[in-house]
Structure formats: structure tokens, C-alpha cells
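The values are calculated or read from the model by the stated rules, or taken from the named source; none is laboratory data. Every value quoted in this text rests on a predicted model; they were computed, and no experiment measured them. Here the Cβ positions follow ideal geometry from the backbone for every residue, glycine too, while neighbour counts run over all protein chains shown. Side chains included, ligands, DNA and RNA excluded: accessible areas come from the protein's heavy atoms. Shrake-Rupley method; radii C 1.70, N 1.55, O 1.52, S 1.80 Å.
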Amino acid sequence: MGTSTAYQLALRGQAVLGIDQFSPPHSFGSSHGKSRIIRETYFEDPLYVPFVKRAYNGWAELQARSGKRVLTRTGGLMIGAPDGAVVSGARASAVEHRLPYEELSAGELRDRFPALRPPDDAAARLVISAGPWMGDLVPELALPLEIERNAVYWFDPLKAAEFTPDKLPVFIHEYAPGRTWYGFANFGDGVKVALHHQGELTTAQAVRRAVSDSEVAGVRGLLKAFLPDANGALRATSVCLYTNTPDENFILDVHPEHPAVFIASPCSGHGFKFSIAIGEAIADVLMGERRRFDLSPFRIERFAEA
Ligand SMILES: Cc1cc2nc3c(=O)[nH]c(=O)nc-3n(C[C@H](O)[C@H](O)[C@H](O)COP(=O)(O)OP(=O)(O)OC[C@H]3O[C@@H](n4cnc5c(N)ncnc54)[C@H](O)[C@@H]3O)c2cc1C
């Protein structure tokens, strides 16, 4: 910056003194390293475009004046996700200042510039399916998610023959208004039972992972009442997290500010079974293919509408 200013002032006939602690050019500051990029479709901000246009002319003039090679035009590739800062910013500058540009796919880039190996899709689309950590990853969306702790129990059946898969279907039992528990036959790990939507609210970071004796006692109360022959030794417990929405329906939607980002929070304690179809539905959306399912009931903005 200092030498350029001195150069310009001298061009205008000024008496100029340039002082430096070192002897420029040197490699102690920010201006060494043999080469620098100059680029016109300025992704940082379109306001720079008129400035860089002047710089292009300035470097060309210096080249002509000095007789030294200063500027080599190579063209420039701004590579990344279509809505990423680099590509979307460069596109915005090109459009605002009517600069020539082409938008190439990863494949076209590879064909035209064989040195480059841009990945096909990794940078092009993103699915965030972070479960109980979703709020941490997209705080800007302020999704109305509550994280609920749920304990699961496996008991040794007292009468094993009653608990084989052919004898006991999965069951969901509303044993009191709004109070539900559910269970499975013994697949070798014991009879699995758990309460539904009766857990304490927590976070993925703070969740209590241990299951207390009083919790076990509570479930044994239900076993005694409704599944007495499963009320054997406790084989195992586990703590699992529900990511609940206020209406207990899923969130399956494109990020409102980032069209290449898909937000998938299909839980509220009942998402697993759908996962194989949800993956398909999300792939339909991301690949612009025929949508098998109308995902509008799972849109993010429904919470703002409520
Ligand atoms: C790795 C790297 C890559 C970059 N790539 C690009 C690029 O591709 N395109 C681009 O446009 N920009 C690029 N930049 C940024 C660009 O190089 C800098 O913005 C620019 O060089 C800054 O110039 P300057 O004159 O402000 O700083 P400097 O070049 O560091 O000049 C400051 C001078 O002040 C002198 N000085 C400091 N204190 C005193 C003192 N007390 N008394 C006397 N002298 C003093 C120093 O000795 C030094 O010579 C890059 C920067 C880096 C580091």
C-alpha cells in the first residue's frame, strides 16, 4: 500500500519520501510470496467491483510503464456449494455489475479443468439430521424443540413361552388418559418395555444417563398390573432422547435461508419406523425428482403460523 501510494503521488509530480523499517520488497509483512490473485466477480461484496476494475487497469498500466510482466489473465474459478459464500457472492457481483460468468457443475469442471477434482455432491447439498443436537447446529432457526429423556428396560420373562414374537405382538397401551407405555416380545435380550412421552425435559449435553431404582420400580408397577409374567430380573436399561415438536409432527423442510440445506428432525418419539421412507423423500427433494410424499405438513414455518 505504501509503495503504491508513493508511486501514484510521484506520478503526479509530488516530492515523496517513503520510509520502511525494512528494505522493500521484503518477506516480513503481508506482500511477499511471488504471486497474488486479482478477481473481478468479487464474492466478498459487489461494492469492490468498480475498485478492482480500476486495479486491473492500474496493473496493466504499471506493466506497460515498467516493461515487466505484472498481470497474467488466467480466468478464475469460484468453487463451492451453490449457496455458499464464495459461489453465491461471486454470482451476486457478476449479476449486479453485468460481468460475464458461467456456472459449471462438478462434472463440467472436471472435464474442462482436469487438474481439479471437485466432489460431485458433497459440497452441493447438506442434510442436517442431528436429532437432539439439532438446536445447537441451527440456532438461527430457533426451532421449538424440546428434548425429552426416556428410559427403556429389558426384563427376563418369568414364562418365556408367552413372550416369543409369535405369541406377543408389539403393544402400545394407554393405561390412563394421556399415559402410554409400550413393549416388545423377547427377541433374546429380554422383554423390552418403556413409557412414552412421560420423560423429563433435558438437553443432549445434560441428560441423566443412569436409570434410577425408582424408575425401575415404576415400570415394575405396570408389569405387575398389565404384564405380570414379564416381571422377572432386570436385564438391561438404556436412556434415549426424544426431540419433540409442539405438535409432535416431524420437521422435514429446506432451510429457509439456505436452499441446499435440508433440515430433518423427524422424531417426537415416533420417527424411526419412517426413516427408510424419509431418506427417500429427502433424496427426492434434493435431487429435484418426483416427490412421493407431500412434506408440507412438516414445514418449519407452521410453527410461526401457529
Ligand atoms: C498469505 C497471503 C495471501 C494473500 N493473498 C492475496 C491475494 O491473492 N490477493 C490479494 O488481493 N490480497 C492477498 N493478500 C492480502 C495482501 O497481500 C495484503 O492485503 C497486502 O499485501 C497488505 O499490504 P500492506 O502494505 O498493508 O502491508 P505490508 O506489505 O505488510 O506493508 C507494511 C509495511 O509497513 C512497514 N512498517 C511497519 N511498521 C513500521 C514502522 N514502525 N516503521 C517503518 N516501517 C514500518 C513494514 O516493514 C512493511 O513493509 C494475501 C495476504 C497473505 C498474507
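Is there a residue in segment 198-209 that is of a type in the set (D, E, K, R), modelled with pLDDT of 95 or more and under 19 Å from residue 225 (Cβ atoms)? Scanning segment 198-209, I find no residue that is of a type in the set (D, E, K, R), modelled with pLDDT of 95 or more and under 19 Å from residue 225 (Cβ atoms), so the answer is no.
Taking each residue of segment 260-276 that is under 16 Å from residue 136 (Cα atoms) and looking for partners that are open to solvent by 30 Å² or more (accessible area, probe 1.4 Å) and of a type outside the set (A, V, I, L, M) with beta-carbon atoms closer than 6 Å, six or more apart or interchain, yields 263/253; 264/129. Residues that are out of contact with any Gly (no Cβ under 8 Å at 6 or more places or on another chain) and within 9 Å of the ligand (Cβ to nearest atom) were ranked within segment 6-21; the one that is most open to solvent (accessible area, probe 1.4 Å) is 21. Among the criteria (1) hydrophobic (A, V, I, L, M, F, W, C); (2) open to solvent by 70 Å² or more (accessible area, probe 1.4 Å); (3) away from the ligand (no atom under 11 Å from the Cβ), the one residue 1 does not fulfil is (3).
The residue list 55, 60 contains one member that is part of a helix (DSSP H, G or I), within 10 Å of the ligand (Cβ to nearest atom), among the hydrophobic types (A, V, I, L, M, F, W, C) and modelled with pLDDT of 95 or more, which is 55.
The single residue among 82, 100 that is open to solvent by 90 Å² or more (accessible area, probe 1.4 Å) and away from the ligand (no atom under 12 Å from the Cβ) turns out to be 100. A count restricted to segment 22-47 and to residues that are within 11 Å of the ligand (Cβ to nearest atom) and closer than 21 Å to residue 70 by Cα stands at 17.
Of the strands (runs of 3 or more DSSP E) that lie entirely inside segment 231-306, those containing 1 or more residues that are open to solvent by less than 70 Å² (accessible area, probe 1.4 Å) and within 25 Å of residue 210 (Cα to Cα) span 234-244. Does at least one position in segment 229-238 carry a residue that is of a type in the set (D, E, K, R) and at pLDDT below 95? No, there is no match, as no residue in segment 229-238 is of a type in the set (D, E, K, R) and at pLDDT below 95. Look through segment 255-304, keep the residues that are of a type in the set (Asp, Glu) and more than 30 Å from residue 170 (Cβ to Cβ), and return whichever of them is modelled with the lowest pLDDT. Per the criteria, the residue is 289. Cβ-Cβ distances below 7 Å connect the following pairs, each with a first residue in segment 135-161 that is without any contact (Cβ under 8 Å) to a residue 40 or more places away in the chain, a second residue that is open to solvent by less than 50 Å² (accessible area, probe 1.4 Å) and part of a loop (DSSP other than H, G, I, E, B), and a separation of six or more residues or different chains: 135/143; 135/145; 137/130.
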